[in-house]
There are 2 protein chains.
Amino acid sequence: MTPAATVLPLDDIRALVETLPGPDTDAIAAVRARDAQLTKPPGSLGRMEELVEWLAAWQANPRPDVRRPLVAVFATNHGVAERGVSAFPQDVTRQMVENFAAGGAAINQFCIAHDLGLKVFELALDLPTPDIAEADAFDEAACAATIAYGMEAVAGGIDLLCLGEMGIANTTIAAAIYNALFGGAPEDWVGRGTGIDDEGIKRKTDAVRLAVDRLDGERDALEVLRRIGGREIAAMTGAILAARMEHVPVIIDGFVATAAAAVVYALAPDAIAHCLFAHRSAETAHDKALNVMGQKPLLDLGLRLGEGTGAALAAGLVRVAARTHAGMATFAEAGIAGKSES
Amino acid sequence: MTPAATVLPLDDIRALVETLPGPDTDAIAAVRARDAQLTKPPGSLGRMEELVEWLAAWQANPRPDVRRPLVAVFATNHGVAERGVSAFPQDVTRQMVENFAAGGAAINQFCIAHDLGLKVFELALDLPTPDIAEADAFDEAACAATIAYGMEAVAGGIDLLCLGEMGIANTTIAAAIYNALFGGAPEDWVGRGTGIDDEGIKRKTDAVRLAVDRLDGERDALEVLRRIGGREIAAMTGAILAARMEHVPVIIDGFVATAAAAVVYALAPDAIAHCLFAHRSAETAHDKALNVMGQKPLLDLGLRLGEGTGAALAAGLVRVAARTHAGMATFAEAGIAGKSES
């Protein structure tokens with residue numbers, strides 16, 4: 001299957017969600033059976049053991065491994081930036097894309113450290129989506145095309161996909177998506193992003209309020225995505241769905257990447273079952289979004305950079321977990337006495 | 001300095017604590033100055049930034065790195081195991097030491113994954129310390145000698161030391177140390193360790209109560225260590241102090257390794273300032289011990305294995321943090337606009 005070859009209308013994407021494969025229960029059973037024989041007390045590696053089961057379930061592989069991991073960073077611009085909702089000017093999106101290409105960004109270093117592939121997907125940097133306080137981000141065809149573009153991240157035989165992003169003002173977009181999908185007030189979802197001051201918070205909150213008011217109660221996930229944007233969130237939505245179809249587990253980075261997962265969750269809660277949430281962002285509303293979706297993030301390191309940095313760290317742990325499961329001796333191999341009767 | 005060349009009497013160890021070097025404030029300032037120029041919003045890497053400062057402070061190095069990390073695993077046996085306080089028989093300590101040597105344990109895989117050195121220090125496996133419910137673990141000379149032995153872990157030019165342990169029944173020993181040093185009831189500090197049942201918990205709690213009652217209110221940290229043990233905790237106590245003298249930052253693993261840090265903390269709270277607490281163990285009282293010492297662990301993965309496994313994962317993050325700090329481009333190098341005025 002080459003999911004990106006055809007641009008599906010949004011209704012076909014809704015239909016696709018009904019056909020997503022479930023977890024491979026045989027692979028999970030195989031991992032559990034081996035884990036029970038490894039030279040450690042049962043359960044003593046905690047979430048590291050859960051990571052192996054998760055990887056097996058969604059790679060559909062009883063001997064899961066991470067051989068071709070990819071960090072996909074989706075970069076784009078947003079008209080709402082003109083409202084002064086970010087601490088940085090919009091030009092920084094392109095400058096940071098150039099920094100990724102030159103190897104100078106944090107995500108480059110994280111990928112080197114954990115031997116992860118890195119691809120940056122540029123999405124019309126010079127053509128920001130309209131200001132969401134006033135107009136829809138996409139028409140239906142453009143939204144569907146962007147989702148399809150994101151599906152292309154799942155290619156080349158990758159076996160683990162980390163989703164990250166770069167886009168000045170995109171925490172405003174993400175806050176509007178959460179507000180539209182999960183309710184509450186704009187204030188519940190707006191934070192300081194890259195570091196705006198109190199006046200900026202006010203402008204950002206106003207922008208989210210105007211955008212959500214404009215939706216007039218629309219709760220359909222793909223309509224919310226179409227009307228709020230942005231391109232990186234639509235692309236990550238496509239990537240999440242394509243990965244599920246292709247048996248590629250997904251690691252979601254922070255506040256903005258989680259907004260794409262929120263769109264998929266709103267389509268069908270089970271449709272994000274193959275997604276691991278890498279970390280709890282320092283962007284305060286991230287925790288709230290994770291709670292709504294019942295997700296417990298793997299790490300809590302006060303990160304709020306984006307770029308896929310938290311996902312890259314989580315990918316490192318997933319690989320250690322898989323290699324440990326594969327490489328440890330069993331009690332029988334090591335000639336070790338089992339648990340005593342007491 | 002070769003700290004292990006001489007066995008210091010316990011009073012000299014008390015005196016040594018008064019002479020420990022402080023953090024290198026110039027190195028911290030250098031790291032902060034560089035961090036402010038890196039192509040990311042200030043503070044956006046959260047605890048990863050703090051790790052770099054911590055490494056600089058205690059390596060006394062303005063360009064900190066992790067080139068020769070070591071996981072030191074101290075293994076020994078405890079007479080109290082005869083009371084049925086562990087889910088595993090005492091023979092397992094030696095069997096696991098053999099498993100470490102053969103490369104079959106979880107810590108072997110973690111060290112391979114993160115390219116960490118691994119040394120296992122055997123401490124008289126065939127001569128368990130006396131049952132602490134009835135007798136002191138050491139006389140003063142033996143306690144001092146074991147502390148000195150642990151100091152030998154800081155050798156060979158290592159630049160980061162991870163402390164781990166293996167010893168059937170040693171969560172009983174650690175619980176007794178916490179109870180003696182930090183107060184409360186035995187029940188506050190006793191947990192399931194490798195997985196004992198309710199009857200085992202009762203036996204374990206009784207053992208801790210008898211041991212602490214025997215101390216008759218003794219609160220001197222080194223006396224508590226001498227009378228409760230065990231050899232691995234005494235050795236890790238020495239390793240923590242020697243590392244501070246030698247400008248080697250220390251990563252403390254879980255419930256048992258933290259008991260060694262508790263001994264050092266009880267000698268002088270500042271004497272553990274160079275220690276990073278790797279993770280919050282699933283052994284429930286670990287969180288309580290960390291709270292008493294005002295420590296926020298880096299990871300929370302439900303680990304309860306010991307062997308230094310949590311410390312090894314933390315070491316991986318520390319290295320990523322250092323390399324990211326060193327390798328990222330500055331705003332000037334990348335030609336990126338700084339924060340806007342708004």
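No lab work stands behind these numbers, since they all come straight from the coordinates. Please read these numbers as outputs of a predicted model, since none were measured by experiment. No Cβ is skipped: glycine too gets one built from the backbone with ideal geometry, and neighbour counts run over all protein chains shown.
Assorted remarks:
- Over all projection directions, the Cα-based convex hull of the protein assembly as shown averages an area of 28.7 nm².
- Normalised alpha carbon radius of gyration of the stretch A:135-194 [divisor 2.2 N^0.38 Å]: 1.41
- Based on alpha carbons, the Rg and Dmax found for the stretch A:280-342 are 18.3, 51 Å.
- Square roots of 5 times each gyration tensor eigenvalue, C-alpha, the stretch B:79-122, largest first, Å: 26, 10, 9
- Every Cα-Cα pair of the stretch B:102-177 was included, and the share exceeding 21 Å stands at 42 percent.
- Computed over chain B: relative contact order in percent, which uses C-alpha pairs under 8 Å that are six or more apart: 25 percent
- Label-to-label distances for B:LEU127 across copies, nearest first, come out at 8.0 nm, using points 7 Å from Cα in the beta-carbon direction.
- Size descriptors for the stretch B:89-242: radius of gyration and Dmax over Cα atoms are 16.1, 47 Å.
- Ordering B:GLU134, B:GLU307 by the number of other Cβ atoms within 10 Å of each residue's own Cβ, fewest first, gives B:GLU134, B:GLU307.
- Label point distance in nm, B:ILE112-A:ASP126, each placed 7 Å from Cα along Cα→Cβ: 5.1 nm
- Note on A:28-39: average number of Cβ atoms from other chains within 10 Å of each residue's Cβ is 1.
- The residues B:PHE182, A:PHE110, A:PHE138, when put in order of fewest to most other Cβ atoms within 10 Å, stand as B:PHE182, A:PHE138, A:PHE110.
- Between this copy and the others, label points of A:PRO9 are 9.2 nm apart in ascending order, each placed 7 angstrom from Cα in the Cβ direction.
- Counting only other chain Cβ atoms within 10 Å of each residue's Cβ, the peptide B:320-326 averages 5.
- Dividing the C-alpha radius of gyration of the stretch B:212-337 by 2.2 N^0.38 Å, with N its residue count, gives 1.27.
- Rounded to whole Å, sorted largest first: equivalent-ellipsoid semi-axes of the stretch A:1-93, Cα gyration tensor: 39, 23, 12
- Taking N as its residue count, the alpha carbon Rg of the stretch A:49-157 over 2.2 N^0.38 Å: 1.34
- Antiparallel content of DSSP bridges confined to the protein assembly as shown, in %, to 5: 5 percent
- Helix A:25-35 vs. chain A, principal-axis angle (Cα, 0 to 90°, nearest 10): 50 degrees
- Angle of helix B:91-102 to the longest C-alpha principal axis of chain B, folded into 0 to 90 degrees and rounded to 10: 30°.
- Estimated inter-spin distance, A:LYS296 and B:THR330, nm [label 7 Å along Cα→Cβ]: 4.4 nm
- Label geometry 7 Å along the beta-carbon vector: B:GLY22 inter-copy distances in nm: 6.3
- Overall shape of chain A was characterised from the C-alpha gyration tensor. The equivalent ellipsoid obtained from it has semi-axes of 36, 20, 19 Å, in decreasing order.
- Peptide B:280-291 has a mean of 1 when you count, residue by residue, the C-beta atoms of other protein chains within 10 Å of its C-beta.
- Packing-based exposure ordering (other Cβ within 10 Å, fewest first) of A:ILE28, A:ILE336: A:ILE28, A:ILE336
- Based on Cα atoms of the stretch B:257-308, Rg over Rh with Rh as the Kirkwood radius reads 0.94.
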